[in-house]
Amino acid sequence: MRVPLIAGNWKMNGSAELVDAFGRAFADAQLPASLDVALFPPFPYLDAARRALAETPVKLGAQTLNPLASGAHTGEVSGGMLKELGVEYALAGHSERRQLYREDDEAVLDRLLAALSVSLTPVLCVGETLEERDANRTRDVVLRQVGYVMARLEPVQRRQVIIAYEPVWAIGTGRTATPEQAQEVMAAIREYQASFDRELADGLRLLYGGSMNASNAAELLSQPDIDGGLVGGASLKVDDFLAICQSAG
Ligand code: PEP
């Protein structure tokens, strides 16, 4: 039985006020008994979020991390520092990082390994562009992104990884993949993982991301291979994010 995970990625958004609003809302919320929830605010809000959410089941995640432990890398943040702040998850390979900061598969792998090295649970993000989908390359692109990383991990490391399927054309566009489109790709990812290890594939947590909101979450989450969501825009609205969490029960 896979425990669903709803993860809220604030990207470069939010405020101290929003952190407090989440703390208050989740302190009072009735969440499904079997559900993991995590919030990924920008680095400057992590410590305040840890305090605001201390009495709630909500865990913290980091949107990125540097592959190195320390050194002369102005502006960067290491996994060890995040761990010290109580962070438990780290994204690797978000399409905005791949596109805007030119992180290729190797850079994604380095970040994922850095997360694993300090016992942060990595969330590997994968997904095709609209051009790739239109050229019928979705499966090839997504399985390449998954395979590049998975083939380079030890079996024990593979079991730590959560995968988020986020079609690039659905991120921040209001254009959600249909439940059938998402299910098709996510079933292919699980099948691919089964080529390493069937037990790994059965236990793998797969999140859908791409304009998930309070209205479409329940239908997406009812698909057999969708075990949760990586939520961007709707995670900035407390009530919407709570409603998505509630529909994951
Ligand atoms: C994301 O940032 O990972 C995301 C899925 O964003 P949105 O929900 O806004 O599409």
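Worth a mention:
- Number of the exception - Q160 against (1) more than 22 Å from S235 (Cα to Cα); (2) part of a helix (DSSP H, G or I); (3) at pLDDT 95 or above: (2)
- Test result for P167, within 22 Å of D36 (Cβ to Cβ) and modelled with pLDDT of 95 or more: no
- Candidates M212, M186, filtered to the one that is in contact with a strand residue (DSSP E or B) (Cβ under 8 Å, 6 or more places away or on another chain), part of a loop (DSSP other than H, G, I, E, B) and of a type outside the set (S, T, N, Q): M212
- Scanning region 189-209 for residues that are more than 17 Å from R139 (Cα to Cα) and assigned to a loop (DSSP other than H, G, I, E, B) yields a count of 4.
- Top-ranked residue of region 176-221 - restricted to ones that are within 19 Å of F241 (Cβ to Cβ) and among the polar types (S, T, N, Q), ranked as nearest to the ligand (Cβ to nearest atom): S211
- Among the residues of region 163-177, those that are assigned to a loop (DSSP other than H, G, I, E, B) and surrounded by 13 or more Cβ atoms within 10 Å (Cβ to Cβ) comprise E166, P167, I171, G172, T173, T176, A177.
- Subset of region 125-157 [closer than 19 Å to M212 by Cβ, outside any loop (DSSP other than H, G, I, E, B) and within 16 Å of the ligand (Cβ to nearest atom)]: C125, V126, L130, R133, V142
- Looking only at region 118-145, residues that are hydroxyl-bearing (S, T, Y) and either in contact with a Pro (Cβ under 9 Å, 6 or more places away or on another chain) or farther than 15 Å from A92 by Cβ (or both) come to 2 in all.
- From the list L65, L91, L53, L116, the lone residue that is buried (at least 24 other Cβ atoms within 10 Å of the Cβ), away from the ligand (no atom under 16 Å from the Cβ) and at pLDDT 95 or above is L65.
- Qualifying residue in region 96-103 (condition: in contact with a helix residue (DSSP H, G or I) (Cβ under 6 Å, 6 or more places away or on another chain) and either more than 16 Å from the ligand (Cβ to nearest atom) or hydroxyl-bearing (S, T, Y) (or both)): no
The values are calculated or read from the model by the stated rules, or taken from the named source; none is laboratory data. Owing to the predicted nature of the structure, the values given are computational and were not obtained by experimental measurement. Note that we place each Cβ from the backbone using ideal geometry, even for glycine, and neighbour counts take in every protein chain shown.
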